[in-house]
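The values are calculated or read from the model by the stated rules, or taken from the named source; none is laboratory data. Just so we're clear, the structure is a prediction, and the values are computed from it rather than from any experiment. So basically every Cβ, Gly included, is an ideal-geometry build from the backbone, and we count neighbours across all protein chains shown. When the accessible area is computed, the model is the full protein with side chains, heavy atoms only, and any ligands, DNA or RNA have been set aside. Shrake-Rupley method; radii C 1.70, N 1.55, O 1.52, S 1.80 Å.
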Amino acid sequence: MAENGAGGGGGQNLAVLDALDSARTQMYHMKAIVIAGMGFFTDAYDLFCITTVSKLLGRLYYPDSNADIGKPGTMPVRINNMVTGVALVGTLMGQLVFGYFGDKLGRKRVYGITLVLMAVCAIGSGLSFGSSASAVIGTLCFFRFWLGFGIGGDYPLSATIMSEYANKKTRGAFIAAVFAMQGVGIIFAGLVSMIVSAIFLHYNPAPAWDAHHGRTADGQMDQWPGADYMWRVVLMLGAFPAVATFYWRMKMPETARYTALIEGNAKQATNDMQKVLEIRIDEEQEKLSKFRAANEYSLLSMEFARRHGLHLIGTTTTWFLLDIAFYSQNLTQKDIFPAINLTGPPGTMSALKEVFVISRAMFLIALFGTFPGYWVTVALIDKMGRYLIQLLGFFMMSLFMLVMGIKYEYLKDHGHALFAILYALTFFFANFGPNSTTFVLPAELFPTRVRSTCHAISAASGKAGAIVAAFGVQTLTLKGDPKHMKQALILLSVTNMFGFFFTFLVPETMGRSLEEISGEDGNVAGAAAGHVDKDVEKAPPSSTEWQPPSSMN
């Protein structure tokens, strides 16, 4: 084994943490990305597959809703919002609960619970049976709430674990790569729905809805029960990646930062990291005690408010504003697709044909618009920095949505190709922009003791924005009325511009250790003297206090 020279007792940071920060990229980094990333793949699949089947649910369980105006599949507004939004409510609550326990009990101890909950509830969602429409939809909403609860736990835990495992040179790319699996999950949500609907459509052909309002000569609904089985299969398939990942997630060791800085066990942290880094690291138990003594302040303390209060405001507001726009885009795709000519009028298709067409459109937008943005972020985040990417993304999203809103009627009637390009570019800059960076920054800015909780608060703020999208913005877009679609797009443009300005509250974190960013290494000297140094002048100002972003290089 090689000797670790960095931080071997003489530097500010602990040797085990210096070893993590300076470690070359190794197989254990790749395994951590895959294990954490598969959770996000499952999260995205489970959250967004409902978009592909929600109109089918409307045709099956609310066949007379809006059928008189030639728009079959449009559920009552309240029901539609519940079906698409209840998982987001569960996600918000799960983020706060699992984020808190991730700090109190350890990242690993609660990490596996999220996967079990997701797998069980994905299967339960597909088994939502009942004797009436309200019973089926009510059961579906129950399971999707708890599905969202498990998904919520994955946000703070995956981000925190990856940030605490990564080296400082490529930490941004590693965290962003975990989050980029969301893009793969969205692609598979469209692809799986497309394949399953095509199979059921092959064995259950039916004429367009306009031919006889979706019913056979004896009054039976077209494509029943095949269409009813189809949406259940799509939802239940979300359990497979969660089950497949569970074993490997349970084999991951607790992060060295949690073991050392929170549990105070330098020996265990050193042993865990020596196994994966293949170097010898000094335990430094005495130095660890002084290090911990200098960083005992809680989330609700004045010390936290002084050091990180503006950071937390910045991460929560930007994520909230981003998710209003991002989830509005994703949840209302089925309403936008006809306007950009990716799908036809619903009356010209059977129920399963409409699912196939919506899924194909979602797959194409995700593949060419959503997916590339995530991986461009992975490639550039440790070169451009989080701050610049977030500013650029918010600005470009605002610009494209403003153009689509102002020119909506022209684009809808005469500029289908341009409309599709603008819509795809909006997705690209959401992901090569704030959708990725708002996930990365809270995992880096805050101290180990409250890192999971602060990420959870930031993520929950984002899900509050998603709920605004599901229950507010979606109400405007549900029936595809041009006036309301135009209003929604302009509103989202303004929302993104607010996100641009709130980005100025967060500093750049690129290239620095987590302890330097959070200020955890700034009071070691004071603690060694027997007290915690409260003098702001003696703590590294770039780490512990908000500074203008221009100084964060």
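Residues that are among the hydroxyl-bearing types (Ser, Thr, Tyr), under 30 Å from Ser350 (Cα atoms) and modelled with pLDDT under 90: does the range 96-114 have at least one?
No, the range 96-114 has no match at all.
Check Phe145, Phe174, Phe200 and return the single one that is assigned to a helix (DSSP H, G or I), out of contact with any Gly (no Cβ under 6 Å at 6 or more places or on another chain) and at pLDDT 90 or above. Step through it out loud before you land on a result.
Details: Phe145 fails: out of contact with any Gly (no Cβ under 6 Å at 6 or more places or on another chain); Phe200 fails: out of contact with any Gly (no Cβ under 6 Å at 6 or more places or on another chain).
Criteria check complete, one pass: Phe174.
Going residue by residue through the range 74-92, is there one that turns out to be open to solvent by less than 10 Å² (accessible area, probe 1.4 Å), modelled with pLDDT of 90 or more, assigned to a helix (DSSP H, G or I) and closer than 27 Å to Ala173 by Cα?
The answer is yes, given that some residue of the range 74-92 is open to solvent by less than 10 Å² (accessible area, probe 1.4 Å), modelled with pLDDT of 90 or more, assigned to a helix (DSSP H, G or I) and closer than 27 Å to Ala173 by Cα.
Please verify whether the range 407-414 includes one or more residues that are open to solvent by less than 30 Å² (accessible area, probe 1.4 Å) and either of a type in the set (Gly, Ala, Ser) or in contact with a strand residue (DSSP E or B) (Cβ under 7 Å, 6 or more places away or on another chain) (or both). Write out each step before concluding.
Quick first cut of the range 407-414, residues open to solvent by less than 30 Å² (accessible area, probe 1.4 Å) only: 408, 411.
Restricting the remaining residues to those that are either of a type in the set (Gly, Ala, Ser) or in contact with a strand residue (DSSP E or B) (Cβ under 7 Å, 6 or more places away or on another chain) (or both) gives none.
Scanning the range 407-414, I find no residue that is open to solvent by less than 30 Å² (accessible area, probe 1.4 Å) and either of a type in the set (Gly, Ala, Ser) or in contact with a strand residue (DSSP E or B) (Cβ under 7 Å, 6 or more places away or on another chain) (or both), so the answer is no.
Yes/no per residue for (1) crowded, with 19+ Cβ neighbours inside 10 Å; (2) over 24 Å from Leu237 (Cα atoms); (3) out of contact with any strand residue (DSSP E or B) (no Cβ under 6 Å at 6 or more places or on another chain):
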{"residue": "Ala135", "(1), (2), (3)": "no, no, yes"}
{"residue": "Gly148", "(1), (2), (3)": "yes, no, yes"}
{"residue": "Tyr155", "(1), (2), (3)": "yes, no, yes"}
{"residue": "Ser158", "(1), (2), (3)": "yes, no, yes"}
{"residue": "Tyr165", "(1), (2), (3)": "yes, yes, yes"}
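Being open to solvent by 20 Å² or more (accessible area, probe 1.4 Å), outside any loop (DSSP other than H, G, I, E, B) and closer than 30 Å to Arg307 by Cβ narrows it down to one residue among Ile457, Ile490; which is it?
Answer to the check: Ile457.
So which residues in the range 420-446 are of a type in the set (S, T, N, Q) and under 14 Å from the mean Cα position of the chain (by Cα)?
If the condition is that a residue be of a type in the set (S, T, N, Q) and under 14 Å from the mean Cα position of the chain (by Cα), then Asn431, Asn435, Ser436, Thr437, Thr438 are the ones that fit.
Among the residues of the range 429-454, write down those that are more than 24 Å from Leu492 (Cβ to Cβ), part of a helix (DSSP H, G or I) and open to solvent by less than 10 Å² (accessible area, probe 1.4 Å).
Ala443, Glu444, Leu445, Thr448, Arg451, Ser452, Cys454
Among residues belonging to the range 203-238 that are of a type in the set (Val, Ile, Thr) and modelled with pLDDT of 80 or more, point out the one that is surrounded by the most Cβ atoms within 10 Å (Cβ to Cβ).
Here the answer is Val234.
Checking Ile517 against (1) at pLDDT below 80; (2) touching a helix residue (DSSP H, G or I) at 6+ places or on another chain (Cβ under 9 Å), which test does it fail?
(1)
Regarding the range 450-469, can at least one residue be identified that is more than 18 Å from the chain's Cα centre (by Cα) and of a type outside the set (Ser, Thr, Tyr)?
Scanning the range 450-469, I find at least one residue that is more than 18 Å from the chain's Cα centre (by Cα) and of a type outside the set (Ser, Thr, Tyr), so the answer is yes.
Please report, ordered by residue number, the helices (runs of 4 or more DSSP H) entirely within the range 314-400 with at least 2 residues that are of a type outside the set (Asp, Glu), farther than 21 Å from Asp481 by Cα and open to solvent by 40 Å² or more (accessible area, probe 1.4 Å).
Result: 351-365, 371-384.
List every residue pair whose Cβ atoms sit under 6 Å apart, with the two residues 6 or more apart in sequence or on different chains, where the first one lies in the range 341-368 and is of a type in the set (Ser, Thr, Tyr) and the second, anywhere, is surrounded by fewer than 18 Cβ atoms within 10 Å (Cβ to Cβ).
Sorted first by the residue in the range 341-368, then by its partner, the pairs are Thr348/Ala208.
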